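Nothing in this text is a laboratory measurement; each read-out follows from the coordinates by a stated rule. Model, not experiment: these values are computed from the prediction. As a convention, Cβ positions derive from the backbone with ideal geometry for all residues, glycine included, and neighbour counts pool all protein chains shown.
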Amino acid sequence: MLEGAVIDRIDRRGKLMAIIGDDGRAIGVHLGMSGQVLWAAAGGRLSTDHVHATWRLDDGSRFVFRDPRRFGGVWMFASRDELPPWQSLGPDALKITPSEFAARLRGAKRPIKAALLDQGLVAGIGNIYADEALHRAGIHPLTQPSSLEPDRLERLGAAVVELLQDAVAVGGSTLRDYRAADGEPGGYQHAHRVYGRSGLECLTCGRGLSTARIAQRTTVWCPGCQECVQPVPDE
DNA sequence: CACGACCCCTGGATGC
DNA sequence: TGCATCCAGGGGTCGT
């Protein structure tokens with residue numbers, strides 16, 4: 001893919017990466033749950049199992065897309081904006097103002113945790129960072145978004161940005177598969193305050209953390225730090 | 001249209 | 001040691 005073209009730039013919206021050639025063609029890469037993009041210099045070794053695509057560069061280096069669970073994907077299109085997943089994404093969580101963030105979430109009629117995971121509203125927040133952001137902002141995951149004062153939704157938006165910046169600064173969260181292109185795991189998993197800690201004590205107030213299934217994802221929160229202003233009906 | 005249930009897939013951890 | 005079960009960073013599709 002992209003034979004003969006020079007890679008012009010790498011774009012990203014949420015969890016979707018776009019490798020764009022100087023002719024405008026674009027390769028979309030989504031890592032899903034277990035995907036990796038790994039690079040090796042000329043003559044370097046790369047794992048071969050579960051490799052679904054290999055790109056060779058003129059300098060002899062190469063990079064691969066490997067993905068054991070195959071929840072990820074690779075697409076090739078004539079332009080970035082034609083990539084099917086790209087079109088359906090909302091604005092990137094790191095490039096949105098708190099007021100824009102609040103405006104987009106306010107209308108949702110489902111638990112705020114579910115809304116945070118909707119990539120069409122705001123792109124880039126997954127299960128880990130949804131739980132971590134709600135804890136940072138002191139908001140219960142079952143809260144009805146419209147019941148929150150605008151400034152609380154804006155504070156959540158600001159918390160998302162700070163959180164993602166903190167996580168990116170140390171290479172993200174590696175639970176098992178995630179690796180940077182050079183094979184290095186991230187370090188932010190050591191900073192998680194609620195995700196993966198169900199049943200343990202809250203690091204902020206000491207109360208036992210609660211767990212539930214929300215939007216088909218395990219959700220962990222602190223019943224002491226995270227106030228439920230108004231839950232969605234039925235919950 | 002918005003939402004939730006279900007499904008896709010492999011492999012690591014845990015329990016018997 | 002071996003097997004069964006459960007669980008995991010996501011999201012497309014379909015029914016309501």
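Looking at the range A:118-129 only, could you name the residues that are in contact with a Lys or Arg (Cβ under 8 Å, 6 or more places away or on another chain) and either crowded, with 22+ Cβ neighbours inside 10 Å or charged (D, E, K, R) (or both)?
Correct list: A:V122, A:A123.
Is it the case that A:G199 is at positive phi and part of a loop (DSSP other than H, G, I, E, B)?
When the stated conditions are applied, A:G199 passes them.
To keep it simple, each residue is scored yes or no on (1) within 16 Å of DNA strand C (Cβ to nearest atom); (2) in a helix (DSSP H, G or I).
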| position | (1), (2) |
| --- | --- |
| A:L121 | yes, no |
| A:I125 | yes, no |
| A:I128 | yes, yes |
| A:A133 | yes, yes |
| A:A158 | no, yes |
| A:V161 | no, yes |
| A:V168 | yes, yes |
| A:L175 | yes, no |
| A:A180 | yes, no |
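When residues of the range A:132-164 are filtered for being hydrophobic (A, V, I, L, M, F, W, C) and either without any contact (Cβ under 8 Å) to a residue 60 or more places away in the chain or crowded, with 24+ Cβ neighbours inside 10 Å (or both), how many remain?
Qualifying residue count, the range A:132-164: 9.
Could you identify the single residue in A:R80, A:R66, A:R45 that is basic (K, R) and without any contact (Cβ under 8 Å) to a residue 24 or more places away in the chain?
A:R45
Keeping to the range A:210-235, report how many residues are within 13 Å of DNA strand C (Cβ to nearest atom) and among the hydrophobic types (A, V, I, L, M, F, W, C).
Of the residues in that region, 4 qualify.
Only residues that are of a type in the set (A, V, I, L, M) and either in a helix (DSSP H, G or I) or within 15 Å of the chain's Cα centre (by Cα) (or both): list them for the range A:144-156, please.
Within the range A:144-156, A:L153, A:L156 qualify.
In the range A:1-78, which strands (runs of 3 or more DSSP E) lie fully inside it and hold 3 or more residues that are closer than 17 Å to A:A123 by Cβ and within 16 Å of DNA strand C (Cβ to nearest atom)?
A:7-13, A:16-21, A:26-30
Can you pull out the residues in the range A:44-97 that are at positive phi and exposed (fewer than 12 other Cβ atoms within 10 Å of the Cβ)?
Residue satisfying the conditions is A:G60 alone.
From the list A:G187, A:G208, A:G224, which one is more than 15 Å from DNA strand B (Cβ to nearest atom) and more than 28 Å from A:Q144 (Cβ to Cβ)?
Only one candidate passes the filter, namely A:G187.
What tally of residues in the range A:87-118 results from selecting those that are among the polar types (S, T, N, Q), in a loop (DSSP other than H, G, I, E, B) and either in contact with a Ser or Thr (Cβ under 7 Å, 6 or more places away or on another chain) or away from DNA strand B (no atom under 12 Å from the Cβ) (or both)?
Number of matching residues: 1.
Between a first residue in the range A:97-120 that is under 18 Å from A:I214 (Cα atoms) and a second residue that is charged (D, E, K, R) and outside any helix (DSSP H, G or I), which pairs have beta carbons less than 7 Å apart while being 6 or more apart in sequence or on different chains?
A:P111/A:E235; A:L117/A:R217
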